[in-house]
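S.K.: What follows is a single structure, and I will ask about it in a moment.
The values are calculated or read from the model by the stated rules, or taken from the named source; none is laboratory data. Please read all numbers here as calculations on a predicted model, not as lab measurements. Positions of Cβ are generated from backbone atoms using ideal geometry, with glycine treated the same way; all protein chains shown enter the neighbour counts. When the accessible area is computed, the model is the full protein with side chains, heavy atoms only, and any ligands, DNA or RNA have been set aside. Shrake-Rupley method; radii C 1.70, N 1.55, O 1.52, S 1.80 Å.
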Amino acid sequence: MAKEKKDKKTPFTLEKGKDGVAILTFDLPDESVNKLSSWIMTDLQDKMKLIQEDSSLKGIVFISGKPDNFIVGADIDELSSFSSAKEAEELIDKAHNMLNDLEASKMPVVAAIHGPALGGGLEVALACHYRICSRHKKTSLGLPEVQLGLLPAAGGTQRLPRLIGLQAALDMILTGKNIRPKQALKMGLVDEVVFELDLLTAARTAVLKLAAGKLKPQRPAQKSAYQLATDFNTFFKPKKLIDFALESNPLGRHVVFDQASKMVLKKTAGLYPAPAKILETIKIGLENGMKEGLAAEKKAFAELVMSDVSYQLRNIFFATTSLKKETWNITDNVKPKKLNLIGILGGGFMGAGIATVLASKGYYSRIRDIDPVQIGKAYRYAHDFLYKGVKRKYMQKSEYERKIGSITASTDYTGFKKADLVIEAVFEDIDLKHKVIKETEAVVSKNCIFASNTSSIPITDLAKASKRPENFIGMHFFSPVEKMPLLEIIITKKTSPETTATCVELGRAMGKQVIVVNDGTGFYTSRILGPYAREAAFLLMDGVRMEVIDKAAKQLGFPVGPITLLDEVGIDVVYKVGPVMHKAFGERFAPVPAMERLINDKRYGRKNKRGFYNYQAKKKVPDESVYKLFPEIKLREYPKQKIQDRLLYSFMNEAAMCFEDKILFSVRDGDIGAIFGLGFPPLTGGPFRHMDTLKVENVVKKLEGLEKEFGLRFKPAQILIEMSQKGDTFYPQK
Amino acid sequence: MAKTTAQKKAPRKKAAKPPKNRVAIIAGCRTPFVRAFKEYNGLSPLELSRLAAAELMRRIEMDPKDFDNVFWGTTIPIMRFPNLGREVAIALGNYDAPGQTVMRACSSGSQSLTSGAEHIMMGYSSCALVGGADSISFAPVPYSKKVIDPLQDFGRAKSMGKKLEALRKVPLSGLIPTPPSLTEFSTGYTMGQHGEMMAKINGITREAQDDYAWLTHKRAGEATDDGRLPAELVPVYLPPKFEKVITFDTMIRKNPDRDSLKRLKPVFDRKYGTLTAGNSSPLTDGAAALLIMSEERAKAEGRVPLGYLKAYAYVGIDPFEQLLLGPSYSTPLALDRAHLKLDDMEVIDMHEAFAVQILSNIQKLESEEFAQTKLNRKEPVGKIDMEKFNILGGSVAVGHPFGATGTRQVITALNELNRRKGQYAMVSQCAGGAMGSTLIFERE
């Protein structure tokens, strides 16, 4: 393996204390975080052997030398370098051997955790005999492998359920979620939570007590029936007894696995193989013992790591990693501006969402909205989000106060003079936007950046109202802002590098995946959404039922179907964007004529609880009365494959055109934008990755076929035709 | 108690050298004042303070990290944040500004200003956030020792039996919490009772009190309608729904009706009293914030201040005579320190604890006998021109969150001084503990 370099400096240092406690510190040289890889595991195993031979020692503390992380997981580069399942199995064997050795150590090993302990990092801690973590905000524990289409394969599927119980373990491994220290203690994932400054002292003490047999860890999931029944607290938490009844015997466990399988199938639509493998592996381990469990784990991992789904999910991981360092041709000497105050125009859903995220990240904002009712709603939006932390007890009330207090609001422009950046989030209307741009520039300083949060109007057109086009930029957030991970930044030919750098940095500080694209109608995301949404409307007109369209899309891996998406985005919004796109791109974007009838029927989507779906009922159901608006529709059966092709190919074709038109700087940005902004199926790796998988020539053939059947709107992008002739791919192939 | 007279006392120091650094009052704003236990129920004085201060920073286009000191008045300390002043700085994200909570009863707002001003005059600070807040609704309700002691034992007890035993000792009657009372510690009388005494000693009739109350409500109502008072207010959106927003002081009786004032029953002395809910200041929740700066810095930043602090005086008086007569003593002293006369004032704002206290102080300021026997002066302090006195109404109408009132008065008085383009304004309070304070401001 290329990564295995014998000359690498050992990341482990050993310090023997007078008290007989050995402190084993893991500090990977030249890296900001600790990661596990093959050579490190070999090294660790050797170190452990040496320690075991030292009879003067009483026990070991395993700790990280990094200031803010324990071990963040395995080296994903190495996982992606396997050429066969056998290589993967060899790595897992190594990990199993090392951790089995660790677990079998005669002297106690205590893991002292500060900062994230994720994936392989947590699995190392699980093999230790006792775990102490700091109560610091940065400390979190989790097994996120499932998010890369994998499973925890360093014994995680075996040791975790034995430590914290089956249901809790399934929840952690299937969702990949992070556990905070307090919760970790409660569920028995760690044995102690201490201040980070006490971490080493506490770990030393634990080693000595364990060595002397004076410390018997009390873990909730490991209690016997007798212990549970006689525990005073059980009286107040009868669920513990139910859990025990379910998890202590094969019959009960069968019920749990059955439930979990159903949930997994519902969530993954059967598209992602990892969750099912996880269930299977855990079950084998619990029914047939640890040894068989570990063997199953190894086999499952090797299969998953070689699967296409995991390959694409890892590609997304790499893309987001490289995105964090991307500069989009901005040179190093351009420094982002400091943002002391951010003005927000419009306190609607979008403006409130932006203010909320800014507040949670420590930025001051000032909302301007002419309607006090709207201001109240914005405050409520921020309150509801920020107060969650206080309710769930991971945020101090004072911190909430500080954060909510960083948002102020007014019906006029007072306070804007000091703004360093103003984000406009008023209604999508060019005249209104021009008006507020002029009003804002009259009060702000000349260095103030103006960012429009338009979802479709070209930034160049908006910048016409500005006296300072070099300070003008587009920041396209997605709703709800606190949940949607993408920020699409749109630059014009005149946008200054400093303006771009400032907004990119802000977006990253807000925790967003930031892509920068060139200006054009609909930029990237709204533009590729257009043909996809239109195709859904065409399908409806062709007599396909709404829920059938949505289901077909979900079976491709979209989180929601296009009809639901229209309801969420707002039918009126899409309707308003239609003519703009039509004007810019011609016949290809001609509005679906029948859509007007939806608007006339005041169907705007979820926002007014009147759309394709009926939102009055408890459960969202298709609103059959929609069909009454279209008497010409004859509902009929329609092949699923055809629905999926029409949706997927209209999406991918437009993405290719955006690349051709140089809206996109790179296909990586295109894949990230489609996945994180529009929910394009992650298992495909994004539209460009998917076209590579399908092969461009096949894509062109399929599009030509669709063009023949449905007309001009499926005409293949020129770039696709050229690529298919040359046999090119979007990404270099391995 | 011995009857002390002014003659026996050492003379109070009248004049000081003018300070090197003049203190500029930049601007202020406040939350609307509301009746205790009403709209702001559940909002802490810190939240109210933060709302006023954060908005002030934006209105004067200033970064919340640019002031270097905080002084904050409050009279009901909250156990969870005993130093409210520092918490205000932290709540605004200004970790560098040290904060102090000041307490001088109803003069706490004024005290916050002069404490900040002293640092500026010494050259130790260039800009201070000052103000005050109180929330009666948020006040801790204390249990009596009879309840607390057994509860302490309950906490310490290890066995179930001991715990039960401790609980059994809690007297049922003790579970009714002791309501916060405004009893003067030194005299044992409530403020209202002191007011009643003053009415009788000074011969202030119920009718005169009601007439004054009518006037202050009328003025506050007009100032609300024409926007003078609302301009000083920060709209408060009420959590957790933020649907209701308070934009006006809610206790002002607009278009007050003299007859309905007359019909009110006395509240402190039901048999022989004259003080009613109509002619007394109500229990109030609210906060006010003000920014002060050295003249030098204000000029450098191109700010146009509302005015400058000219002189001030705090006095203590005999609590066993007339508790709320402080302004009659502090006013002549402050005027002397400023080398000015009462006539020079264009705007006079005196805190209205009760109508009777206002009328008593006016009586004394205008009295030759009072001047000679109590102040050791030949001439009375001066005549009060009601056209310059509490022009926008006062605490009886607007309300009186103890810690914030002084700050409210400064904001209102200086805004009015600027509207009138006058030269001098005066703000004074009587305060619990038998104290008086007077602050004098000048324009330019």
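S.K.: Work out the FRET efficiency for A:Leu50 and A:Ala212 from their Cβ-Cβ distance, taking R0 = 25 Å, and round it to the nearest 0.05.
M.R.: Using R0 = 25 Å, I get an efficiency of 0.60.
S.K.: Excluding B:Arg297 itself, what net charge comes from residues whose Cβ is under 13 Å from its Cβ, given Lys and Arg +1 and Asp and Glu -1?
M.R.: Here the count lands on -2.
S.K.: Given H placed 1.01 Å from N in the peptide plane, which residues other than close sequence neighbours of B:Leu229 have an amide H under 5 Å from its amide H?
M.R.: HN-HN under 5 Å from B:Leu229: B:Thr224.
S.K.: State the percentage of accessible surface on chain B attributable to carbon and sulfur atoms; use a 1.4 Å probe and exclude ligands, DNA and RNA.
M.R.: 56
S.K.: Using Cα centres only, tell me the gap between segment A:581-612 and segment B:63-77 in whole Å.
M.R.: A separation of 54 Å, based on Cα centres.
S.K.: Still on this structure, please answer the following. How far apart, in nm, are two points set 7 Å out from the Cα along the Cα-to-Cβ line at A:Asp68 and at A:Phe630?
M.R.: My value for the distance between the label points is 5.1 nm.
S.K.: Can you give the percent of C-alpha pairs in segment A:526-726 whose distance is more than 31 Å?
M.R.: For segment A:526-726, the share of Cα pairs beyond 31 Å comes to 15 percent.
S.K.: Could you give the C-alpha radius of gyration of segment A:532-606 expressed as a fraction of 2.2 N^0.38 Å, taking N as the number of residues it contains?
M.R.: Cα-based Rg divided by the globular estimate yields 1.08.
S.K.: Once fully extended, how much extra length lies between A:Ala442 and A:Asp258, figured as 0.36 nm per residue of separation less the alpha-carbon to alpha-carbon distance?
M.R.: Here the segment from A:Ala442 to A:Asp258 would lengthen by 59.8 nm.
S.K.: Which residue, chosen from A:Leu462, B:Gly161, B:Ser260, occupies the Cα position most advanced towards the positive end of the dipole of the protein assembly as shown, where the dipole is computed from +1 (Lys, Arg) and -1 (Asp, Glu) charges on Cβ about the Cα centre?
M.R.: The residue sitting most towards the positive pole is B:Gly161.
S.K.: OK, next. With viscosity set to 0.890 mPa s at 25 °C, what whole-number translational diffusion coefficient in µm²/s follows for the protein assembly as shown from Stokes-Einstein and a Kirkwood radius over Cα pairs?
M.R.: 70
S.K.: Give me the dipole magnitude in Debye, nearest 20, for segment A:526-726 about the Cα centre, with unit charges on the beta carbon: positive for Lys and Arg, negative for Asp and Glu.
M.R.: Using Cβ point charges on Lys, Arg, Asp and Glu, segment A:526-726 gives about 580 debye.
S.K.: How high is the relative contact order of segment A:342-520, given as a whole-number percent (alpha carbon pairs under 8 Å, six or more residues apart)?
M.R.: 21
S.K.: Another one. Give the carbon-plus-sulfur fraction of the accessible surface of segment A:342-520 in %, rounded to a whole number; probe 1.4 Å, heavy atoms of protein chains only.
M.R.: Summing carbon and sulfur atoms, their accessible area is 53 percent of the total for segment A:342-520.
S.K.: In addition: Among A:Val426, A:Ala355, A:Tyr394, which residue has its Cα furthest toward the positive end of the charge dipole of segment A:342-520, with +1 on Lys/Arg Cβ and -1 on Asp/Glu Cβ?
M.R.: A:Tyr394
S.K.: Would you mind calculating the relative contact order of chain B from Cα pairs under 8 angstrom and at least 6 residues apart, reporting the percent as a whole number?
M.R.: Reported as a whole number, the value is 26 percent.
S.K.: In a GNM of chain B with a 10 Å cut-off on Cα contacts, which of B:Thr183, B:Thr101, B:Thr114 has the highest mean-square fluctuation?
M.R.: Most flexible of the set in this elastic network: B:Thr183.
S.K.: Sticking with this structure for a sec: I need the chymotrypsin sites (Phe, Trp or Tyr not before Pro) found in segment A:382-446, filtered to DSSP loop residues with at most 14 other beta carbons within 10 Å of theirs.
M.R.: In loop regions of segment A:382-446 (DSSP not H, G, I, E or B), the sparsely surrounded chymotrypsin sites (Phe, Trp or Tyr not before Pro) are A:Tyr394, A:Phe427.
S.K.: If you keep only loop residues by DSSP, which chymotrypsin sites (Phe, Trp or Tyr not before Pro) in segment A:232-283 have at most 12 other Cβ atoms within 10 Å of their Cβ?
M.R.: A:Phe236
S.K.: Calculate, for chain B, the solvent-accessible area per residue in square angstrom, rolling a 1.4 angstrom probe over the heavy atoms of the protein chains.
M.R.: That works out to 44 Å² for each residue.
S.K.: Additional query: Could you give the size of the charge dipole of segment B:52-119 about its Cα centre, using +1 on the Cβ of each K and R and -1 on the Cβ of each D and E, expressed in debye and rounded to the nearest 20?
M.R.: Charge dipole of segment B:52-119: 300 debye, to the nearest 20.
S.K.: Sum -39500 (n - 2.57) across every DSSP H segment of at least 4 residues in the protein assembly as shown, then divide by the residue count to get the 222 nm mean residue ellipticity, nearest 500.
M.R.: -13500 deg cm²/dmol
S.K.: Taking only protein heavy atoms and a 1.4 Å probe, what accessible area per residue, in Å², does segment A:613-734 have with all protein chains in place?
M.R.: Value for segment A:613-734: 49 Å² per residue.
S.K.: Can you give me the long-range amide H partners of B:Ala311? Hydrogens built in the peptide plane at 1.01 Å from N, cutoff under 5 Å, separation of 5 or more residues or another chain.
M.R.: It is B:Ile440, by chain and number.
S.K.: Restricting things to alpha carbons, find the Rg to Rh ratio for chain B using the Kirkwood radius for Rh.
M.R.: My calculation puts Rg/Rh at 0.99.
S.K.: Counting only protein heavy atoms and rolling a 1.4 Å probe, how much accessible area do A and B lose on contact, total for both sides, in Å² to 100?
M.R.: Approximately 2000 Å², summed over both chains.
S.K.: Something else: For segment B:245-329, state which trypsin sites (Lys or Arg not before Pro) are in a DSSP loop and have at most 10 other beta carbons lying within 10 Å of their beta carbon.
M.R.: Sparse-neighbourhood loop trypsin sites (Lys or Arg not before Pro): B:Arg270, B:Lys271.
S.K.: For a quick check, take a GNM of chain B with Cα springs below 10 Å and name the residue from B:Pro401, B:Pro32, B:Pro266 with the largest mean-square fluctuation.
M.R.: Maximum fluctuation in the GNM of chain B, among the listed residues, is at B:Pro266.
S.K.: Quick one: Karplus J couplings for segment A:51-57, per residue in order, coefficients 6.51, -1.76, 1.60, θ = phi - 60°, nearest Hz, x for Gly and Pro?
M.R.: Ordered by residue, 3J(HN,Hα) equals 4, 4, 6, 7, 6, 7, 8 Hz.
S.K.: Now for a different question. From zero up to wherever the largest Cα-Cα distance of segment B:202-279 sits, split into 5 Å bins and tell me the percent of pairs in each.
M.R.: For segment B:202-279, the binned pair fractions read 3, 15, 19, 17, 14, 12, 11, 7, 3, 1, 0 percent.
S.K.: Hey, rough spin-label estimate for A:Thr25 and A:Leu694, points 7 angstrom out along Cα→Cβ, what's it come to in nanometres?
M.R.: It works out to 5.5 nm between the two label points.
S.K.: If you take the beta carbon distance between A:Arg597 and A:Thr411 as r and set R0 to 35 Å, what does 1/(1 + (r/R0)^6) give as a FRET efficiency, to the nearest 0.05?
M.R.: That pair, A:Arg597 with A:Thr411, gives E of 0.40.
S.K.: Here is a further query. Take the alpha carbon gyration tensor of segment A:407-517, find the square roots of its eigenvalues, order them as a ≥ b ≥ c, and report rounded if a/c is under 1.5; if not, report prolate when a/b exceeds b/c, else oblate.
M.R.: Rounded shape, in that the Cα axes give a/c under 1.5.
S.K.: Follow-up. Please list 3J(HN,Hα) in residue order for segment B:431-444, calculated via the Karplus relation 6.51 cos²θ - 1.76 cosθ + 1.60 where θ = phi - 60°; whole Hz, with x for glycine and proline.
M.R.: 9, x, x, 6, 10, x, 9, 9, 10, 10, 10, 10, 9, 6
S.K.: Name the long-range amide H neighbours of A:Val516: under 5 Å, sequence gap of 5 or more, or other chain; modelled H, no Pro or chain starts.
M.R.: Those lying under 5 Å, H to H, from A:Val516 are A:Ile489.
S.K.: On to the next question. Report the relative contact order of chain A, percent, no decimals, based on alpha-carbon pairs under 8 angstrom and at least 6 residues apart.
M.R.: Reported relative contact order: 8 percent.
S.K.: Can you give the FRET efficiency to the nearest 0.05 for B:Leu175 and A:Glu587, using r as the Cβ-Cβ distance and R₀ = 60 Å?
M.R.: Here the calculated transfer efficiency is 0.15.
S.K.: If you don't mind, another one. For segment B:295-310, in order, what is each residue's ³J(HN,Hα) by Karplus, 6.51 cos²θ - 1.76 cosθ + 1.60 with θ = phi - 60°, in whole Hz (x at glycine and Pro)?
M.R.: Rounded to whole hertz, the list is 4, 4, 5, 4, 5, 4, 8, x, 8, 9, x, 5, x, 10, 6, 9.
S.K.: Please report the projected area of segment A:56-108's Cα convex hull averaged over all directions, in nm².
M.R.: 5.3
S.K.: Let me ask something additional. So, in nm, how far is label B:Val304 from label A:Asp661 when the simple model puts each one 7 Å beyond its Cα toward the Cβ?
M.R.: 5.1
S.K.: Still on this structure, I have one more. Positive end of the dipole of the protein assembly as shown, charges at C-beta (+1 Lys, Arg; -1 Asp, Glu), about the Cα centre: which of B:His351, A:Leu200, A:Ile437 has its Cα farthest in that direction?
M.R.: The one lying farthest along the dipole's positive direction is B:His351.
S.K.: Please state the charge dipole magnitude for chain A, taken about the Cα centre, from unit charges on C-beta atoms (+1 on K and R, -1 on D and E), reported in debye and rounded to the nearest 20.
M.R.: Roughly 2040 debye, rounded to the nearest 20.
S.K.: Any chance you could run the full-extension gain for B:Ser159 through B:Glu321? It's 0.36 nm times the residue separation minus the Cα-Cα distance, nm to one decimal.
M.R.: Extending this stretch completely gives an extra 52.7 nm.
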